[in-house]
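For reference, the structure discussed in these notes is given below.
We did not get these values from a lab; they are worked out from the coordinates using the rules stated. Remember, predicted model here, so these are calculated numbers, not experimental data. Reconstructed Cβ throughout: ideal geometry from the backbone, glycine too, with neighbour counts over all protein chains shown.
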Amino acid sequence: MTILLSDPRVRAVPVVECGEPLVRLPRDLSPVGALVRAGLAQRLMAADIRLPWGVRLRVVEGHRPVEEQQAIIASYGATLRALHPQVDGAELERLTSRFVSPVDVAPHVAGAAVDLTLVDACGDELDLGTAIDATPEQSDGRCWTAADGIGADARAHRDLLAEVLGAQGLVNYPTEWWHWSFGDRYWALVTEARHALYGPVAVAVAA
Ligand SMILES: [Zn+2]
């Protein structure tokens, strides 16, 4: 069964902050220079070199400030409210969290998550079935990692991500094929770790 980030069991996971700094990913892995926890950066680099020749990871987002997460929640919440005017607040939160994480458990705010895809030797994005950040509404549900209705290439590429990132201990959020995390509360719940390693980071201070 799918565990969503709004699940009370995610919030119940304790965080024992390990204090690892945020570091900037190398440009060949993340042209935007995404920031992530040092331990996550190492795992991403290890996954990257295990890809077939000519295929690379491309990280498009890492650490996200709290204010940015709040703005994303408000924007998507407003969209959903317009689509489903009859639902109450709790249901709206559940629907929103299929796609956007509440701040206190947000993996990106902890520097514990990345949004990524695969690129070829020219740096062009491979077919993963939907655009990164496609909502369930926009993609008719094909943003779900296990979704039907994507081509064989897209399926193979999603499976390849799962193989190399899973081998490094990362976990995927099932509604977003591009979202992978390590050390956050969601990761701890899914992997049955005793506690999360990374809590929210308020200010990005990395070089
Ligand atoms: Zn994400």
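Data overview
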| read-out | value |
| --- | --- |
| Candidates VAL87, VAL59, VAL32: whichever shows maximal mean-square fluctuation once the chain is modelled as a Gaussian network with Cα springs under 10 Å | VAL87 |
| Kirkwood estimate for the chain, i.e. one over the average of 1/r between Cα atoms, Å | 17.3 Å |
| Other-chain or far-sequence residues with amide H under 5 Å of VAL23's (modelled H) | VAL36, ARG37, ALA38 |
| The range 51-105, dipole about Cα centre (Lys/Arg Cβ +1, Asp/Glu Cβ -1), debye to the nearest 20 | 340 debye |
| Cβ-placed point charges (K, R +1; D, E -1), dipole of the range 1-123 about Cα centre in debye, nearest 20 | 300 debye |
| Where only C-alpha atoms are counted, convex hull volume of the range 1-48 per residue in Å³ | 123 Å³ |
| Residue among PRO102, VAL59, GLY169 farthest towards the positive dipole end of the chain, charges placed on Cβ | GLY169 |
| Summed residue charge, Cβ within 10 Å of ALA134's Cβ, Lys/Arg positive, Asp/Glu negative | -3 |
| Surrounding net charge for ALA167, when Lys and Arg each add one and Asp and Glu each subtract one, Cβ distance under 14 Å | -1 |
| Spatial separation of Cα centroids for the range 9-29 and the range 47-81, in angstrom | 14 Å |
| Leading residue at positive end of dipole, the chain (Cβ point charges), from GLY39, ALA156, PRO136 | GLY39 |
| Note, ³J(HN,Hα) from phi for the range 119-128, Karplus 6.51, -1.76, 1.60, rounded to Hz, x at Gly and Pro | 10, 8, 4, 8, x, 8, 5, 7, 7, 10 |
| Net dipole in debye of the range 49-206 [+1 Lys, Arg Cβ; -1 Asp, Glu Cβ; about Cα centre; nearest 20] | 360 debye |
| Cα centroid separation - the range 104-122 against the range 151-207, whole Å | 8 Å |
| Estimated [θ] at 222 nm from DSSP helical runs (n ≥ 4, -39500 (n - 2.57)) normalised by residues in the chain, nearest 500 | -9500 deg cm²/dmol |
